[in-house]
């Protein structure tokens with residue numbers, strides 16, 4: 001019998017005895033990911049267009065991605081990205097993430113940090129040749 005164990009994430013800070021100012025304080029480790037994303041703002045009640053961006057890094061609790069325009073803190077955003085591993089080695093998957101913007105950066109290369117509230121894998125249409 002298989003058991004599924006769900007991890008609980010907290011927003012506690014990781015402490016260390018080292019006095020290093022570059023110490024990582026996030027509760028979840030971030031991994032560099034080079035993947036294109038589509039994102040849209042949720043909650044207006046009207047259909048919203050998708051915009052494009054690129055993942056900078058991600059963890060189990062958040063994702064940092066470039067944006068086409070500056071997003072606002074606390075906006076609810078849905079992100080879609082192609083997943084590199086296929087289901088049963090043949091069915092393409094996409095990861096769909098829903099979360100709130102917690103950090104933004106403006107300028108020539110705007111970006112946003114999103115705290116993940118929910119995620120799911122969906123089957124994706126095969127890429128046309």
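Ranked highest first by average number of other Cβ atoms within 10 Å, how do 114-125, 84-95 line up?
Most protected by this proxy first, the peptides run 114-125, 84-95.
In the stretch 76-129, Rg over Rh equals 1.11, where Rg is the alpha-carbon radius of gyration and Rh the Kirkwood radius from pairwise Cα distances. Model label points for residue 40 and residue 122, set 7 angstrom from Cα along the Cα-to-Cβ axis, are 0.9 nm apart.
At an R0 of 25 angstrom, the distance between the Cβ atoms of residue 88 and residue 48 translates into a FRET efficiency of 0.15. Using a cutoff of 8 angstrom between alpha carbon atoms and counting only pairs six or more residues apart, the relative contact order for the stretch 31-123 works out to 26 percent. Taking all C-alpha pairs of the stretch 31-123, those more than 18 Å from each other amount to 42 percent. Compared with the direct C-alpha span, the chain from residue 73 to residue 31 gains 12.8 nm at full extension, assuming 0.36 nm per residue.
Coordinate-derived values only; no laboratory data. Note that the structure is predicted; figures quoted are calculated from it, not measured. Methodologically, a virtual Cβ is constructed for each residue, glycine included, from the backbone with ideal geometry; neighbour enumeration extends over all protein chains shown.
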